[in-house]
Each structure stands twice: as C-alpha cells, then as structure tokens.
Amino acid sequence: MSTSTLELLPEEGLEPGFAAQVASYPGGEKIRRCIQCGTCSGSCQMSADMDYTPRRILAMVRAGMKKEVLSSQAIWYCAACYYCTARCPMGIKLTEVMFALKSLALKEGYVSLKQHSPAFYKSFYEVVERYGRMHEASLIIGLALKTNPLDFVGLAPFGLNMFRKGKIEILPHGVKNRQEIKALVQQVQRLEVR
Ligand code: SF4
Ligand code: SF4
C-alpha cells in the first residue's frame, strides 16, 4: 500500500477517543509509546497477508481511524504468536491489542459472527468449553454451521484422508476436570466482551 495511512481518511472521519478506548483494554496501556520503528511488522509472519501491517494498525489506532481498524482483516489474521510483543523495544503488548481490537469489532458490530474468522474463534471457544480440549471435526462442523456449509464441502476428502491416517478423531474425547476448563473459558469470554 503506497498511500500514507493518514491520507486515507478525511479528518472528519477520525475518532479521537479511539486510542483511549483501546488503551483501556488489558495490554493496551502503552500504545502511546509506539515509535513506529516497524520491528513488529518485520517480525510478523502474517504481515504480508494483512491489509494493514501491525505497525500501521498501531498508527491508525492512535490517529483515531476506528472504522478502518475495526473493519480490517489484519486483526483477524493475527495468529497470536507473540513475536511482536516479545520484540517491541517499547514494551507494547501488540498481541493483546489485537485481541482487544477483535473484541471491540465484535462488540460494536463491525464484523458479523457469520464471517469466517470471528466464527472460527467462536467455534474454537465452544469446542474447548465443551470438551476441555480441541476436537477438529467439531470445530469444522461448528464453523460450517455458523457460516456457509457449502464452503466446506471441498474439505471432505482432505478430512477423510486425515481420519484414515489417524491424524483426527471422529468422536471427541473430553479431559478430566472439564468443569474447570469450562469455567476458565467462560471467564476469558467475560473479560473479552466487556
Ligand atoms: S515494535 Fe513496538 S514501537 Fe515498534 S512499531 Fe511496533 S509497536 Fe511500535
Ligand atoms: S502476535 Fe499477531 S501481530 Fe504479532 S507477530 Fe504474531 S501474528 Fe503478527
């Protein structure tokens, strides 16, 4: 993207309170310290596929470009690898900021749970809450039902192959102390949708 971030939006579209809103989330406290060094973007394995790099997302948050940030696919492409957080020279917890942005995007209606990335997160939570661990077949079925089942028909031969090779299980196996995991997942959800 060659155009400067700040040239993308007329001033009247900016929301000056957006940075403070993001800063109020756990991990967002230090966003004003960003020196735009680009270490996060250079470290990010997903950066090349994002519509805005992590460095740019931080700049846009601080500029008040709420609509652009919360509508971006970049926040959903973040794989939560924590590489940017570990390498940021200013101690900014960018991974947590990405979580906060996802949460805000959902809460304020910038994305729908019918879209693949938010639906994936929701299905992931549901499976872990139910079984205390991941069960891939349930995850994919949940995702298909939340979005468009036809999108997943092409995956059937791949899934069958994985099953034949013993890489995935048809029936889920829960863990012991499932109630503790369930309580943990519910607490995380409460914190995220605050
Ligand atoms: S590494 Fe840290 S200081 Fe540098 S651009 Fe990214 S968030 Fe800002
Ligand atoms: S946590 Fe997200 S933004 Fe940071 S380096 Fe990993 S994928 Fe990129």
Test for PHE152: is it over 19 Å from the mean Cα position of the chain (by Cα), at negative phi and assigned to a helix (DSSP H, G or I) | yes
Which ranges mark the helices (runs of 4 or more DSSP H) fully within segment 73-149 that have 3 or more residues being aliphatic (A, V, I, L, M) and over 17 Å from SER47 (Cβ atoms)?
-> 94-107, 116-131, 136-146
Where a residue in segment 165-188 is closer than 20 Å to TYR121 by Cα and its partner, wherever it lies, is hydrophobic (A, V, I, L, M, F, W, C), with Cβ under 8 Å and at least six apart = ILE168/ALA137; ILE168/MET162; PRO172/VAL127; PRO172/ALA137; ILE181/VAL128; ILE181/VAL175; VAL185/VAL128
Look through segment 82-112, keep the residues that are within 14 Å of ligand 1 (Cβ to nearest atom) and at positive phi, and return whichever of them is surrounded by the most Cβ atoms within 10 Å (Cβ to Cβ).
-> TYR82
Test: TYR52 is of a type in the set (Ser, Thr, Tyr), under 29 Å from PHE152 (Cα atoms) and in contact with a Leu (Cβ under 8 Å, 6 or more places away or on another chain) = no
Pick from segment 24-72 the residues that are in a helix (DSSP H, G or I) and acidic (Asp, Glu): which of them is nearest to VAL97 (Cα to Cα)?
-> GLU68
The condition of being of a type in the set (S, T, N, Q) and either away from ligand 2 (no atom under 15 Å from the Cβ) or in contact (Cβ under 8 Å) with a residue 60 or more places away in the chain (or both) holds, among SER117, SER112, only for SER112
The residue from ALA59, ALA79, ALA48 that alone is touching a helix residue (DSSP H, G or I) at 6+ places or on another chain (Cβ under 7 Å), in the same structural domain as SER24 (by TED's automatic domain parsing) and either away from ligand 1 (no atom under 13 Å from the Cβ) or not basic (Lys, Arg) (or both) is ALA59
So is SER138 buried (at least 21 other Cβ atoms within 10 Å of the Cβ) and at pLDDT below 95 or not?
-> no
Residues of segment 117-143 being among the hydroxyl-bearing types (Ser, Thr, Tyr) and either under 15 Å from the mean Cα position of the chain (by Cα) or within 17 Å of SER103 (Cβ to Cβ) (or both), in sequence order, are SER117, TYR121, SER123, TYR125
TYR82 meets each of (1) in contact (Cβ under 8 Å) with a residue 40 or more places away in the chain; (2) closer than 30 Å to PHE152 by Cβ with one exception, condition (1)
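The values are calculated or read from the model by the stated rules, or taken from the named source; none is laboratory data. Being a predicted model, the structure only gives us computed values, none of them experimental. Note: ideal-geometry Cβ built from the backbone for every residue, glycine included; neighbour counts use all protein chains shown.
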